[in-house]
Number of protein chains: 2
Amino acid sequence: MRNKLLCLILLAFTLNLQAENGHSLWLRANSSRAVNIVCAKSSPTLAIAKQELKQGWLGQNGAKIVLTVKNDKAIKGDGFKLSGNEIQANTDLGILYGVYELLRRQQTEQPIVQNEICNPSYQRRVLNHWDNLDGSIERGYAGRSIFWHDVEKGYAVTDKDRNLWKEYARANASIGINGTVLNNVNSSKLMLTTECLAKVKAIAEVLRPYGIKTYLSVKFSSPPLIGGLKTSDPLNPEVIKWWKDKANEIYKTIPDFGGFLIKANSEGEPGPQDFGRTHADGANMLADAVKPFGGIIMWRAFVYEANSKDRACQAYKEFMPLDGQFRDNVIIQVKNGPVDFQPREPFTPLFGALKKTSVMPELQITQEYLGHSIQLVYLATMWEEFLKSDTYQEGNGSTVARTTDGSIFPQKYTAIAGVANIGLDNNWCGHHFAQANWYAFGRMAWNNQITSEKIADEWLRLTFLPKDEKLTPNVADWQKTFLAPVKQMMLESREATVNYSMPLGLHHIFAGLNNTHYGPGPWFGPKGIRKDWTAAYYHKADSLGIGFDRTTKGTDAVSQYHEPLRSQFESVATCPEIYLLWFHHLPWDYKMKNGRILWDELCYAYDKGVNEVRQFQKTWDKVQPYVDAQRFSEVQSKLRQQCRDAQVWKDGCLLYFQQFSKRPIPFEIERPVYDLNYLLKTDLTELLK
Amino acid sequence: MRNKLLCLILLAFTLNLQAENGHSLWLRANSSRAVNIVCAKSSPTLAIAKQELKQGWLGQNGAKIVLTVKNDKAIKGDGFKLSGNEIQANTDLGILYGVYELLRRQQTEQPIVQNEICNPSYQRRVLNHWDNLDGSIERGYAGRSIFWHDVEKGYAVTDKDRNLWKEYARANASIGINGTVLNNVNSSKLMLTTECLAKVKAIAEVLRPYGIKTYLSVKFSSPPLIGGLKTSDPLNPEVIKWWKDKANEIYKTIPDFGGFLIKANSEGEPGPQDFGRTHADGANMLADAVKPFGGIIMWRAFVYEANSKDRACQAYKEFMPLDGQFRDNVIIQVKNGPVDFQPREPFTPLFGALKKTSVMPELQITQEYLGHSIQLVYLATMWEEFLKSDTYQEGNGSTVARTTDGSIFPQKYTAIAGVANIGLDNNWCGHHFAQANWYAFGRMAWNNQITSEKIADEWLRLTFLPKDEKLTPNVADWQKTFLAPVKQMMLESREATVNYSMPLGLHHIFAGLNNTHYGPGPWFGPKGIRKDWTAAYYHKADSLGIGFDRTTKGTDAVSQYHEPLRSQFESVATCPEIYLLWFHHLPWDYKMKNGRILWDELCYAYDKGVNEVRQFQKTWDKVQPYVDAQRFSEVQSKLRQQCRDAQVWKDGCLLYFQQFSKRPIPFEIERPVYDLNYLLKTDLTELLK
């Protein structure tokens, strides 16, 4: 075995795999085989479809493929019917999606049966860019904004921009994404100015042939801020008119404009509550403005009060009373978890509970709390866990997926959003493996029943199979020696992160220093800060124990869940241990199911996380012969840092909590290598730069 | 087992062991038992002896002890004859040493037989302080100089100074040290000025009752530098006179002055070769100056040329031709290894080879290359290895110890030197366990046959046995649970350091950046630097292999060793693997005795070193109940850093050498967590500050 590996490594030093910098994403195919395309219709979108077929065709050389735009009731929206020699769809975009699917099957060696219907789970599959107009990106770890990077030069658009946006559009279309919000939910007042909208128009023109609608985040207080009005009260006629006029202006230049995304009355952003109005008042006013054009309003439910006893309860409390009061083109955009994109949270209880209101999940593709673009964390396992969570709201099987995609509750519009991890970095996402999260979001938005394992398999084949045709006979070997272990690493990666950062239901104990959200900060809580921004608010460690009591004896967050979940979470005996400290404050010597006491189990979890990353390093080092030098060494380097930082997480959290538990770290476990005092004052994003 | 440990830890949190900051060193005894001392004579030294007996007596309460100063031919120098109720010696100092030995036996529960003769191995047991007159210490890691710290205020001496020097003298006397060189071998020209000598006098007065002679390092060029002469040519009559006058001046105020230590024609220091004279010419001139007063000259053999093909050969080449030419009060002071105090070197071949010249070993107590005061490295195992090395110069059993202590070659003076690790830090040595190296040097200087294991045992009992009398019944438990594992850790610590820094005979690959000598630097070699100061000069790694060929086909350093060593080192088959790369340049796939190839073995060695430190951490954490809080946490914190830095050593060396070996690190081994590029530019002493 060792000798074999050795040979492979030596091979890698001599083979010179084609250099790749990751910019091609999963779209690396460049076939030399010919294909004979038959298509009665022509359009910019169909032209793209044909071009893609030519470039990526891995079917029989010279084979015929027919593209048919024809209505079929079995085909929904931009879905398609796929056969080996024909793609049929109701729309041109459906054809394009069918082409990408066909090529993907060919390139990943998946079977193509005759007349397979492929319909999307959600109508609107939307990226949210938290890009600021100054070119920075909130929670962006892959360079500056691809849309707003050169704003100091005004809103001019260059050919280079257009080319990049086209690549961006192609990548999105290839995975079914059909909408993008171009700017941060903490939006600039300048977004709706005419100058800025001119640039939006230019972007929209590039995206349009790829079927991607453009959306904007808007400031609720835009009328006074840029319109000269005195208020933004949603019931004020002038305000209503201002928004209608603005909608008219937008749709005149961008007829397929998607709509608005609003963060209102949340973290200091203005909103209808500033005028004693409700979220429904605000959302409906905007919905009326865009309705004539088919636009939608995505209204975020990410709200929490400074003095709430339990932030996790807030969204439910504010939105449930409004159920049924929203227009049919309003969709409430709800983060997967009730706190904030933590490594593990139970699902937000609004899912399934809002029965007369359209609801869309908001996932975070960018790794704000999961290691930025430093750590290899494949998020699809987390999203799968979330989408398949049973809310029980309409009986067994009322999964989050089914409560949001129209299967259970009728919604005029269904949608899903993912906060993008895209920037100007050569490889788009900072970390080569972060591309997998972009890819996975698209694939899950299209099919919310797909497994994270299948997506990882697809993505790895598309992204890493050596292009060199000479290697083709070795594909079987590649599958065994590269694909299997690397896929395994991806599938384990999120759980590893949970282990070394916030295991057993811990949450919100990340570094607050400089607002980086990178590394541990269970101690975070500078003087004068809002309590719900401190870590202790969430972990509540004390001499007696640790965890947040959200049972009926605590904040009663459990009661926001439908039975049997409510009872399951309420009882420490039935509460899943992955959520234990989310719902319970337990003594340090609480006996876990495996017989260990809670403190020891916590120690073992952190230690396990560190060792899992070490295992990832081994996995990656072993596949060196199969990866081009640049991508290999970039990932290797990031895994090294991840390992160091996992150690920091372990040491920081265990040494901090040990102050309360007053118990030794079990001696089977490797000891901390940092002093707590050192970690308390360290900004990890600055360390080792 | 776990439960038991748990209890102990909990105990530690509640027991409140007496706080200790380490300043008391191994002299913590404070007995309440009475002793009846009978002594016919009185002197300052005997007064100390009596005071020590009273303070530390752990024999029967009220027992009688007789101190007898009486000549006995069986007793040599300051040796003594020990019985449970009597100490006899030729000198007052012998009595004091006997008292310390008696107390040590009592405190460490060692037997005392009747009339045991204890004679010192070396007559002069000398500390070398590399203290500069500006208060800094070259290679000092425990704060500023205890002698020269306040030099900006002139040469004034305070009561605080005197008190500290007295503690220093007591500590030294308690382990048999009877001489100290007060200043750096790279000495200041001001050392011999009258103002400076006045301070030396004050120091000497404090040390004198403890039997400690004062020595000075002097600059060979003193006559021109401070005497107004035009030369320092040792054959120049004016020069000769100047030194005689200076000796007269010194001995007038310090009648027991020990003599001079000289670093000449070495690393830029002036010396007789500047005038075409030999080391013998220089040393003898000085020897003549101090001879009337019983003074000695310690002349260092640490010489090497910039363009030498092999620095390790230089001292032998320069000094062997001079054998027999030195005065009988000159001792050639030779570092244990031929390069420079590396973690492992074979002994310098001058030992035993110089048959008509007095030779003294120079050991380095301060951890210049062995982790400063950060790493826990017990050096006595290294010194034992060195002293017991067989030179074969006069047949089997011609150990370094026996070639230097007068057993084989007649020497008028025998001596041994240790470069001190002492500074103004509260705990004297920076690291609590570095005290053990000071202690061990003294004990080995007294008895060069003693084992490092015995010293560790003694030192631990004296230094860490809880003072609390209530704990006395638990001594057996303490021996098993504290003493045994901690002693084990000490005994393994030097080998661990060799493993994670310079295994298999590697040497001189430490960090050169900022001249810190801390951390790895196999890449060190800035432009324009002397070749013999670069690391590559020593490791000679290339695509073919690694190691320094010192066989007859290489630099022929092997021929400086007496048979059978010469042949043993010459042949790769018989060369001990601990010296493999010291003597041989071998291919990366050279097969080791265990079947591994050299590259793999190197990887396993570095990894083993890291894991050994991790084990030390566990060992230490487990004994927390037995150690006062301050010393426990200070050692714990340093072990954490040692673990981090061992990882840096491993990563730095393996990734650097991998560039040549072009082989994978065996996959059983934990992967590096740092990038080579990062380490190349990092000064470890700055990291994490």
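The values are calculated or read from the model by the stated rules, or taken from the named source; none is laboratory data. In this text the structure is predicted, and so the values were computed from the model without any measurement. Note: ideal-geometry Cβ built from the backbone for every residue, glycine included; neighbour counts use all protein chains shown. Ligands, DNA and RNA are excluded from the accessible area calculation, which covers all protein heavy atoms including side chains. Shrake-Rupley method; radii C 1.70, N 1.55, O 1.52, S 1.80 Å.
Among the residues of the stretch B:223-244, those that are touching a residue at least 24 places away in the same chain (Cβ under 8 Å) and either of a type in the set (Gly, Ala, Ser) or in a helix (DSSP H, G or I) (or both) comprise B:Leu225, B:Ile226, B:Ser232, B:Val239, B:Ile240, B:Trp243, B:Lys244. Just one residue in the set B:Asp328, B:Asp425 is assigned to a loop (DSSP other than H, G, I, E, B), touching a residue at least 24 places away in the same chain (Cβ under 8 Å) and under 27 Å from B:Arg144 (Cβ atoms); that residue is B:Asp425.
Look at the stretch A:135-160 and say how many of its residues are surrounded by 15 or more Cβ atoms within 10 Å (Cβ to Cβ) and either among the aromatic types (Phe, Trp, Tyr) or without any contact (Cβ under 8 Å) to a residue 24 or more places away in the chain (or both). The qualifying residues number 8. Only residues that are charged (D, E, K, R) and on the phi > 0 side of the Ramachandran plot were counted across the stretch A:105-143, and they come to 2.
Just one of the numbered conditions (1) assigned to a strand (DSSP E or B); (2) open to solvent by 10 Å² or more (accessible area, probe 1.4 Å) is not true of B:Arg277: (1). Pairs linking a residue in the stretch B:394-414 that is of a type in the set (A, V, I, L, M, F, W, C) to a residue that is crowded, with 21+ Cβ neighbours inside 10 Å and part of a helix (DSSP H, G or I), with Cβ atoms under 8 Å and 6 or more positions apart or on different chains, are B:Val400/B:Phe386; B:Val400/B:Leu387; B:Ala401/B:Leu387; B:Ile408/B:Arg402; B:Phe409/B:Thr403. Within the stretch B:25-47, residues that are without any contact (Cβ under 8 Å) to a residue 40 or more places away in the chain have Cβ atoms under 6 Å from residues that are open to solvent by 30 Å² or more (accessible area, probe 1.4 Å) in these pairs: B:Ser31/B:Leu58; B:Arg33/B:Asn61; B:Ala34/B:Asn61; B:Ala34/B:Gly62; B:Asn36/B:Lys64; B:Ile37/B:Lys50; B:Val38/B:Val66, counting only partners at least 6 apart in sequence or on another chain. Assess whether B:Ser232 counts as being in contact with a Pro (Cβ under 8 Å, 6 or more places away or on another chain) and not hydrophobic (A, V, I, L, M, F, W, C). Here the answer is yes, as B:Ser232 does meet what is asked.
A:Glu686: assigned to a loop (DSSP other than H, G, I, E, B) and acidic (Asp, Glu), yes or no? Walk me through how you get there before you give the answer.
Details: assigned to a loop (DSSP other than H, G, I, E, B): yes; acidic (Asp, Glu): yes.
In short, yes.
If I filter the stretch A:333-347 for residues that are open to solvent by 10 Å² or more (accessible area, probe 1.4 Å), closer than 24 Å to A:Glu305 by Cβ and of a type in the set (A, V, I, L, M, F, W, C), do I get at least one hit? Taking every residue of the stretch A:333-347 in turn, at least one turns out to be open to solvent by 10 Å² or more (accessible area, probe 1.4 Å), closer than 24 Å to A:Glu305 by Cβ and of a type in the set (A, V, I, L, M, F, W, C).
Tell me the helices (runs of 4 or more DSSP H) entirely within the stretch B:433-525 that contain at least 3 residues that are modelled with pLDDT under 95 and over 19 Å from B:Pro343 (Cβ atoms). Talk me through it step by step, then tell me what you get.
Details: elements: B:435-446, B:452-464, B:475-478, B:484-501.
Result: B:475-478.
Give the number of residues within the stretch A:161-172 that are open to solvent by less than 40 Å² (accessible area, probe 1.4 Å) and not hydrophobic (A, V, I, L, M, F, W, C).
Number satisfying all stated conditions: 3.
Scanning the stretch A:228-247 for residues that are touching a Leu at 6+ places or on another chain (Cβ under 6 Å) and on the phi > 0 side of the Ramachandran plot yields a total of 0. A:Arg124 falls short on exactly one of the conditions (1) at pLDDT below 95; (2) among the charged types (D, E, K, R); (3) surrounded by 22 or more Cβ atoms within 10 Å (Cβ to Cβ), and that condition is (1). Restricting attention to the stretch B:621-644 and to residues that are under 30 Å from A:Phe616 (Cβ atoms) and open to solvent by less than 10 Å² (accessible area, probe 1.4 Å), the residue that is nearest to the other protein chains (Cβ to nearest Cβ) turns out to be B:Cys643.
Might you let me know whether the stretch A:459-471 holds any residue that is buried (at least 21 other Cβ atoms within 10 Å of the Cβ) and acidic (Asp, Glu)? No, there is no match, as no residue in the stretch A:459-471 is buried (at least 21 other Cβ atoms within 10 Å of the Cβ) and acidic (Asp, Glu). Close contacts from the stretch A:603-618, counting a first residue that is over 25 Å from A:Asp589 (Cβ atoms) and a second that is surrounded by fewer than 20 Cβ atoms within 10 Å (Cβ to Cβ), with Cβ to Cβ under 6 Å and a gap of 6+ residues or different chains, come to A:Arg614/B:Glu670; A:Lys618/B:Phe667. Within the stretch B:248-265, the residues that satisfy the criterion of being buried (at least 19 other Cβ atoms within 10 Å of the Cβ) and in contact with a strand residue (DSSP E or B) (Cβ under 9 Å, 6 or more places away or on another chain) are B:Ile250, B:Ile254, B:Phe257, B:Gly258, B:Gly259, B:Phe260, B:Leu261, B:Ile262, B:Lys263, B:Ala264. Being at pLDDT 95 or above, within 27 Å of A:Tyr413 (Cβ to Cβ) and open to solvent by 10 Å² or more (accessible area, probe 1.4 Å) is the requirement here; does A:Pro234 meet it? No.
Got a sec? Which of A:Gly282, A:Gly259 is at positive phi and modelled with pLDDT of 95 or more? Full working, then the answer.
Numbers: A:Gly282 fails: at positive phi.
The conditions single out A:Gly259.
Among the residues of the stretch A:652-689, those that are at the interface with another protein chain (Cβ under 8 Å from one of its Cβ atoms) and acidic (Asp, Glu) comprise A:Glu670, A:Asp675. Residues in the stretch B:382-428 that are among the aliphatic types (A, V, I, L, M), open to solvent by 10 Å² or more (accessible area, probe 1.4 Å) and closer than 18 Å to B:Asp323 by Cβ: B:Ile408 alone. In this structure, is A:Thr45 hydroxyl-bearing (Ser, Thr, Tyr), out of contact with any strand residue (DSSP E or B) (no Cβ under 7 Å at 6 or more places or on another chain) and at pLDDT 95 or above? Considered against the rule, which asks whether it is hydroxyl-bearing (Ser, Thr, Tyr), out of contact with any strand residue (DSSP E or B) (no Cβ under 7 Å at 6 or more places or on another chain) and at pLDDT 95 or above, A:Thr45 comes out as yes.
Can you confirm whether A:Glu205 is out of contact with any Lys or Arg (no Cβ under 7 Å at 6 or more places or on another chain), part of a helix (DSSP H, G or I), open to solvent by 10 Å² or more (accessible area, probe 1.4 Å) and at pLDDT 95 or above? Explain how you work it out, then say what you get.
Values: out of contact with any Lys or Arg (no Cβ under 7 Å at 6 or more places or on another chain): yes; part of a helix (DSSP H, G or I): yes; open to solvent by 10 Å² or more (accessible area, probe 1.4 Å): yes; at pLDDT 95 or above: yes.
Criteria met by A:Glu205.
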